[in-house]
Amino acid sequence: MSVKKVSFVHTSTLVVPLFTSLMEQRLQGVNFFHLVDDSLIRDVIKEGSVSPKIAWRVLQHIILAVEGGADYVIVTCSSVGEVAEWATKFVPVPVIRVDKPMAEYVVQTASKIGVLATLPTTLSPTMNLIKRSAESVGREVEVEFELCDAAFNYLKAERYLEHDELIRDGIRRLSRKCEVVVLAQASMARVLESMSPGEVSVPVLSSPPLLVDYLKKVLNL
């Protein structure tokens, strides 16, 4: 059996080490490479949504990943996740949005779901995905959300302690009224390493590990 190759399309360099570490730990022997264009998220923030021009640029990166030999393409930015869903129609390999496995998992395990984000452009795509995932399996869910937009500014300024503390505060608040807390962006996953066991009484999910576990399953590894 030939060795599969996975490509990650990022809108930030910050998440590259995270996905590299997860792949090396959980999917040894699978080739992978990264494509990064941080101008994409800057333009999404500036325009407030994914315009046709931005969607076209994301698609070009996906096509470039396929031309680089990728058997699977992962779009790791939730703000442009919906582009990944329709991009599969235009390329000969699966294109997976990073939060899809997490959404499919969470609707099977909880009915009151908290979504925490640091970008307003991420909230709607994430909440829509969770609701559609619930509908597809006949589940009814209630989705609460909280936006910690100041945290993203700290992240850009590399003030990680302040970023992480704001995210932890948001997790604690949502955990008091939801059965599970979902971190809407891959860049937020770093916070889980600094949380103490039992700090909150509900599960806190981030998309990167669930995405890699999903890849392990589809690759039969």
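Values in this text are rule-based calculations from the coordinates and carry no lab data. All of these numbers come straight from a predicted model, not from anything done at the bench. For neighbour counting, all protein chains shown are included, and Cβ atoms are generated from backbone atoms with ideal geometry for every residue, glycine included.
Give, rounded to the nearest 20 debye, the magnitude of the charge dipole that the stretch 100-207 has about its Cα centre when Lys and Arg contribute +1 at Cβ and Asp and Glu contribute -1 at Cβ. Display every interim value, and only then the final one.
Numbers: 13 positive and 15 negative charges, 33 e Å.
Here the size comes out at about 160 debye.
Relative contact order for the stretch 1-79: what percent, with Cα pairs under 8 Å and sequence separation of 6 or more?
On the way: 94 pairs, mean separation 37.9, N = 79.
Relative CO of the stretch 1-79 lands at 48 percent.
Over the Cα atoms of the stretch 91-206, what radius of gyration and what Dmax do you get, in Å?
When restricted to Cα atoms, the stretch 91-206 yields Rg and Dmax of 14.2, 44 Å.
Considering just Cα atoms, how many Å³ per residue does the convex hull of the stretch 3-81 enclose? List each step's numbers first, then the result.
Numbers: hull volume 6.0 nm³, N = 79.
Taking the convex hull of the Cα positions in the stretch 3-81, it is 75 Å³ per residue.
Would you work out which of 128, 191, 116 lies farthest towards the positive end of the dipole of the stretch 100-207, given +1 charges on the beta-carbon of Lys and Arg and -1 on that of Asp and Glu, about the Cα centre?
Working it through, the farthest residue towards the positive pole turns out to be 128.
Using a simple charge model, +1 on the beta-carbon of Lys and Arg, -1 on the beta-carbon of Asp and Glu, nothing else, what dipole does the chain show about its Cα centre, in debye to the nearest 20? The partial results should precede the final answer.
Numbers: 24 positive and 26 negative charges, 69 e Å.
Result for the chain is approximately 340 debye, rounded to the nearest 20.
How would you rank 2, 206, 187, 49, going from fewest to most other Cβ atoms within 10 Å of each one's own Cβ?
Details: 2 5, 206 23, 187 27, 49 12.
Arranged by neighbour count, lowest to highest, 2, 206, 187, 49 become 2, 49, 206, 187.
Under 18 Å from the Cα of residue 4, which aspartates and glutamates turn up, not counting those fewer than eight places away in the same chain?
24, 67, 71, 213
For the residues 22, 205, what sequence is obtained by ranking on other C-beta atoms within 10 Å, fewest first? List each step's numbers first, then the result.
Working: 22 17, 205 22.
Fewest-to-most ranking of 22, 205: 22, 205.
So which residue, out of 150, 134, 103, gets the largest mean-square fluctuation from a GNM of the chain using Cα contacts under 10 Å as springs?
150
Identify all lysines with a Cα-Cα distance to residue 177 below 29 Å; exclude those on the same chain that are fewer than 8 residues away in sequence.
Straight-line reach from residue 177, under 29 Å: 100, 112, 131.
Over the chain, what portion of Cα pair distances is larger than 33 Å, expressed as a whole percent? Can you show the working numbers first?
On the way: 2810 of 24310 pairs.
Considering the chain, 12 percent of its Cα-Cα pairs are separated by more than 33 Å.
Can you tell me which of 100, 112, 156 moves the most in a GNM of the chain? Springs connect C-alpha atoms under 10 Å apart.
Looking only at 100, 112, 156, the biggest GNM fluctuation is shown by 156.
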